[in-house]
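Notes for the one structure printed next.
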Amino acid sequence: MPRYYLTTAIDYVNSRPHLGTAYEKIAADVIARYRRLAGFDVRFVMGNDEHSQNVFRQAAEAGLEPIAYCDRMEQEFRKAWSSLDISFDDFIRTTQPRHKAGVTEIARRLHAAGDIYQGTYEGWYCVGCEAFKQDKDLVDGRCPLHPRTEPQWLKENNHFFRLSKYRQPLLDHLHAHPEFIQPESRRNEILRLLEGGLEDVSISRAGQSWGIPLPFDPGSVVYVWFDALINYASAVGLGTDDELLATWWPADLHVIGKDITRFHVVIWPAMLLAAGLPLPRRVFGHGFMTKDGQRMSKSNPGTIIDPSDAAARLGADPLRLFLTKEIVFGNDGDFSWGRFEEKYNVDLANNLGNLVNRVTAMAERYRQGRLVAAPAAETLAAAATTHAHAYAAAMDALQLDVACQSAFRLVDATNEYIAASAPWALAKAGQDHALDRVLWNASEGLRVAAVLLSPVMPASCRTILARLGTPVADVGDLRLERDAQVHVSGTRQLTRADALWPRLEADATAAPISTKTKETPVSDTPKDVAATPAVPAAPAASPAAAQVTAPPSAAAPVEGTDTRLSIDEFMKVDLRVAQVLTAERVPKSKKLVKLSVDLGSETRTIVAGIGEAYEPEALVGRRIAIVANLKPAKLMGIESNGMVLAASAEGNRPILIDFAEPPAPGTRIR
């Protein structure tokens, strides 16, 4: 079995983690879980950085010994990571004996190689970063990451590492291994840095007791950054277990924030080269998490969101999905409660959750929940194969958002397969074999989608698989090669249960989902669609599918006047493609159907008078045409926000306008 060693940055414990910290851990956990799904033996390491002077000061303010404070904070961090379902295999602390052994080993090797010498350092020191800064690193004389605190001018007798010696070896490595630094923007930044030359760096601090003593100068402690970087190797046996080190080192991937890229792709590799150890295979510097455009950080308290609170809001899995799917891994990503809740409705309540409900409900209604294997539906099986391959390629390339989108395309394909196959019509016609095939394949499409999404939403996908009659004790037992294929044998008992993700109503959310006001109910008087183009009309008392009629006027047109529309008048009508996400009959009405439709950028509710012509189940997944810029109105107590376009001869059933090649939801119809 191939191995995969993955780490995240270790965290200062001078305060509790925030959502920006959690984003890194969630992304790394998705990668680790995917690698397990792909058949790798994974070692996923996280931890705490405890030898910081900021931690020392925070402990003093709390009236605790530093180690007692760090013990307490370990529990805080573990609690936060547990609330987010982070599946780390090891948790290292820089105060642990194994880490001290690793730091001592590296220091000895570098000293023996002649790469450490004594000297005097004089320069700017950022307390927030706990790092020395050159003039070129400062903006208006301050650290750009901690602008509220002036850097200190320090002059110390320290031990230095000959970083400058490794400029050319590092350049050679970057040119030989272009994948070493990702994304590309980080690599270009480091190439420019190396081409400009390197200065030797201090690796010790004098006059401090909180830290690991240098083996060749016990009066000095190892500088916190030199100390912290070594955790990646000490966690797998450096200085304590040569066999473990040989098994797992070098690391396959370091996941870090972009602000500490230089430490990880310049100083850390140079230390390893000096110590005679292999370099990690890849370092990925992700972007910042922002809130309302401002970087989320401890130095800016107004931006802080507690990750446990965020997980408690709608669940850990919806939060994990939002952060993974909505943020391009490597870019900055902005978080807002409104957007989080909107995507919860669109992706989970209306889409994936609705598919779970549809499949299990039909299995119960038509087959008492018991499905028997049937031949694969060619179109759906091909879609499953295509999207599974695209998903794996994206995951391998660390394009986590693209991988999520591939999984959701399979969800869409399964919904479209159900709509095209019309199992309700097959049941009504008594076509049992065809019905069995549709139900089995629909359940298979959903099952494969759940397998693909299991690294992102582990608990939810485990529940989905259980409802589909394919339970697993742990999603870590799934395997991509085996379980992401459409199966054509066996039987299973499906279970219908409450909605996994109940839809949020706008007035029930703490941060309301934004809705546009340019919406209207559908009309009760459908006309032939070949008449004049649709224009805004006054809301009717009893809506039908759509109204396509001449412009409204207070009186009949005067004979001889031209009632045709100008192009400017017609362009005021906003016709859009919409995809039906859910459909249900309105109680106490034969005609009315309540639709939830996806307009690309938003979800709307429309009440349409098509209930005598269409079964609600047959509408889900269809792409229809709507008028999008009419005012909303309440119909049977439901606010309708749009007009569905249909055609019908006088007195005949309305026929929805459809597309031979359906455009994407939200596409303008002109």
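None of the figures in this text is laboratory data; all of them are computed from the coordinates on show. None of the values given here were measured: they were computed from a predicted structure. In this analysis, Cβ positions are derived from the backbone assuming ideal geometry, glycine residues included, and neighbour counts consider all displayed protein chains.
Give me the one-decimal Kirkwood hydrodynamic radius in Å for the stretch 1-115, with the sum taken over alpha-carbon pairs. Intermediate results must be reported in sequence, preceding the final value.
Values: mean 1/r = 0.0637 Å⁻¹.
In the stretch 1-115 this quantity evaluates to 15.7 Å.
In the stretch 248-288, which residues have a backbone nitrogen under 14 Å from the label point lying 7 Å from V139's Cα in the Cα-to-Cβ direction?
Under cut-off, by backbone N: 259, 288.
Can you give me the angle between helix 400-421 and the longest principal axis of the chain, using Cα atoms only, in degrees from 0 to 90, rounded to the nearest 10?
Computed tilt is about 20 degrees.
Pop the C-beta distance of A361 and M1 into the FRET formula with R0 = 35 Å and round what comes out to the nearest 0.05.
The pair A361/M1 has a calculated efficiency of 0.30.
Out of all DSSP beta bridges in the chain, what portion is antiparallel? Express it as a percent rounded to 5.
Values: 53 of 77 bridges.
Bridges in the chain are about 70 percent antiparallel.
Can you give the extra length, in nm with one decimal, that the chain gains between A246 and D259 once fully stretched, where that is 0.36 nm per residue apart less the Cα-Cα distance?
Between A246 and D259, full extension yields an extra 1.6 nm.
Given axes a ≥ b ≥ c from the Cα gyration tensor, I'd like to know whether the stretch 50-115 is rounded (a/c under 1.5), prolate (a/b larger than b/c) or oblate. Could the numbers behind the result be given before it?
Numbers: a/c = 3.25, a/b = 1.45, b/c = 2.23.
It comes out oblate by the Cα gyration axes.
Need one word for the stretch 440-490: rounded, prolate or oblate. Basis is the Cα gyration tensor (sqrt eigenvalues a ≥ b ≥ c); a/c below 1.5 gives rounded, then a/b vs b/c decides. Don't skip to the end; give the middle numbers.
Working: a/c = 1.61, a/b = 1.39, b/c = 1.16.
Verdict is prolate for the stretch 440-490.
Measure up K343/K591; K343/K572; K291/K325; K25/K325 against 19 Å on the Cα-Cα distance and list the ones that go over.
K343/K591; K343/K572
Within a Cβ distance under 14 Å of R496, other residues only, what is the Lys/Arg minus Asp/Glu net charge?
Here the count lands on +4.
Report P(r) for the stretch 336-493: all Cα-Cα distances, bin width 10 Å, range 0 to the bin holding the largest distance, values in whole percent.
11, 42, 35, 11, 2
Check cross-link reach from K588 to the aspartates and glutamates: straight Cα distance under 18 Å, and skip same-chain residues fewer than eight apart.
D524, E612, E615, E639
How big, on average over all directions, is the shadow cast by the Cα convex hull of the stretch 217-269, in nm²?
Computing the convex hull of the Cα atoms and averaging its projections yields 4.6 nm².
Starting from the Cα of K165, draw a straight line to each of the aspartates and glutamates and keep only those under 16 Å, dropping any in the same chain fewer than 8 residues away.
Counting by Cα, and skipping residues close in sequence, K165 has these aspartates and glutamates nearby: D115, E195, E199, D200.
Please compute, for the alpha-carbon atoms of the chain, the extent along each of the three principal axes and give them in descending order in Å.
For the chain, the Cα extents along the three principal axes come out at 100, 62, 50 Å.
Angle check, please: helix 458-467 long axis (alpha carbons) against the longest principal axis of the chain (alpha carbons), in degrees 0 to 90, nearest 10.
40 degrees
By how many nm would the segment from H173 to R108 grow when fully extended, if each residue of separation counts as 0.36 nm and the alpha-carbon distance is taken off?
Full extension from H173 to R108 adds 21.0 nm.
Could you work out the relative contact order of the stretch 336-493, using alpha carbon pairs under 8 angstrom and six or more residues apart, expressed as a whole percent?
Numbers: 171 pairs, mean separation 48.4, N = 158.
It comes to 31 percent, rounded to a whole number.
Normalised by the number of residues in the chain, what is the relative contact order in percent for Cα pairs under 8 Å and 6+ residues apart?
Details: 1293 pairs, mean separation 75.5, N = 670.
Averaging sequence separation for qualifying contacts and normalising by length gives 11 percent for the chain.
Among T414, T605, which comes first, second and so on when ranked by fewest other beta-carbon atoms within 10 Å?
If I rank by nearby Cβ atoms, fewest first, I get T605, T414.
With a 10 Å Cβ neighbour count serving as the proxy for reagent exposure, in which order, fewest first, do I327, I624 appear?
Final ranking by Cβ density, sparse to dense: I327, I624.
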